[in-house]
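The values are calculated or read from the model by the stated rules, or taken from the named source; none is laboratory data. Nothing here was measured: the structure is a model prediction, and the numbers come from that model. Every residue, glycine as well, gets a Cβ built from its backbone with ideal geometry; the counts of neighbours run over all protein chains shown.
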Amino acid sequence: MDDTLLLDAVERYRNGEMSAQEITFFEELRKNNPEIDQLAAEHNFFLGELEKMSDLKAYRHNLNEVENKLTNEGIISRKEAKGKAKIIYLWNKYRRTIAVAASIAGIVSISTATIVSIYSENKKVAVITPLVDTRLNQFEHKLTQIESKLKDASSVQTKTPVKPDFEANFRATAFLVDGNGYLVTNAHVVDNARNIIVENKKGDQYFAKAIYSNKLTDLAILKISDTSFKRVIGLPYTFPKYSAELGEHIFTLGYPREEVVYGEGYLSAKSGYYGDTTSYQISISVNPGNSGGPVVNKNGEIIGIISSKEANADGVVFAIKSKNIYNAIKASGNDSIKLPSVNSLRGLERVQQIKKLEDFVYMIKGN
């Protein structure tokens, strides 16, 4: 489907201009084509952000009109802010507009990278790339620096200590294998990291450290070292030691964005790159940041861990077989790690499986 026609269809669907037959066809098209569904979702998000910015500008305009009217009539008075107070005022006034602009810039950069990848002329050369998000968004980085300075200025005025921000230069995914704070991810995610923070879907952040890492199997085990972390009870999934079947439907949760993202596909080969028997090849849509994410079957069993993708082939992704987790735990020498033995995801609808699973999938940030 032509991109222009697709974007037009998204706008008509969003504005309620489609007939019932068109709606059925469009929803079925998105359901059966992950690429079209992703593009439609991105364009829908883009339009939503534009509408939010438009509404915000109109709201601010109305507030300014009322303020000017009341000031001219002498009902209220306003004083010009000076020094740091003026900087903080301007930041608070325009921070949301800047954030929207940063979001739009991010969408444009991701879309451009996707188009370049799809239409690359050098498709005959297989390029395997780890799925760690190491692209530093300059806009986001500058916003973080400005906000940090403004927090410092505020703390001087209020004389209250401010916890320093953690500036990360990569993002990936991990998930719990033991409720006492043990997580599994890829070795290539944490191997050169000086500092590691893991964050759950609620936004709670904890410092963590790698207690085991193996470059050959590309598996690493992390332990949350933060004393504020509380033991998690009832991990709902299990890890089968048997191999998954060809064509088996699977899904994943991960952090290619600042919020958890769902993707679905199927197992396309029982071996990985160049016949690697420790991995699967799966057909699924993933992006940088998905490294270390769980690959889950319909029964709620974690059959693999996403590790890399073939850059010049669409939907060719490799996942380490989950039975390697048993070997990693044994090699770590940590007998206190106990993998869950009860699967409470089995028999649930997909939406319910996701709701239970996402509490145990964490974003990794590091530098």
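Hey, can you tell me all the residues within the range 1-52 that are under 26 Å from Tyr266 (Cα atoms) and outside any helix (DSSP H, G or I)?
Across the range 1-52, the qualifying residues are Met1, Asp2, Asn33.
To keep it simple, each residue is scored yes or no on (1) within 25 Å of the chain's Cα centre (by Cα); (2) at pLDDT 95 or above; (3) surrounded by 15 or more Cβ atoms within 10 Å (Cβ to Cβ).
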{"residue": "Gly234", "(1), (2), (3)": "yes, no, no"}
{"residue": "Thr238", "(1), (2), (3)": "yes, yes, yes"}
{"residue": "Lys241", "(1), (2), (3)": "no, no, no"}
{"residue": "His249", "(1), (2), (3)": "yes, yes, no"}
{"residue": "Pro256", "(1), (2), (3)": "yes, no, yes"}
{"residue": "Gly263", "(1), (2), (3)": "yes, yes, yes"}
{"residue": "Tyr274", "(1), (2), (3)": "no, no, no"}
{"residue": "Thr277", "(1), (2), (3)": "no, no, no"}
{"residue": "Gln281", "(1), (2), (3)": "yes, yes, yes"}
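Among the residues of the range 303-327, how many are surrounded by fewer than 24 Cβ atoms within 10 Å (Cβ to Cβ) and of a type in the set (A, V, I, L, M)?
4
Counting only residues that are in contact with a strand residue (DSSP E or B) (Cβ under 9 Å, 6 or more places away or on another chain), over 26 Å from Val317 (Cα atoms) and of a type in the set (A, V, I, L, M), how many does the range 205-234 have?
Taking the range 205-234 first, the residues in contact with a strand residue (DSSP E or B) (Cβ under 9 Å, 6 or more places away or on another chain) are 205-214, 217-226, 228-229, 232.
After this cut, where a residue has to be over 26 Å from Val317 (Cα atoms) as well, the list is 205-209, 211, 223-226, 228-229, 232.
Add one more test, that the residue is of a type in the set (A, V, I, L, M), and what stays is 208, 211, 224, 232.
Selection size over the range 205-234: 4.
Quick check: is even one residue across the range 286-293 within 30 Å of Lys209 (Cβ to Cβ), free of Cβ contacts under 8 Å to residues at least 60 places away in the same chain and surrounded by 20 or more Cβ atoms within 10 Å (Cβ to Cβ)?
No.
Filter the range 292-324 down to the residues that are of a type in the set (D, E, K, R) and not in a strand (DSSP E or B) and list them by number.
Lys298, Asp314, Lys323
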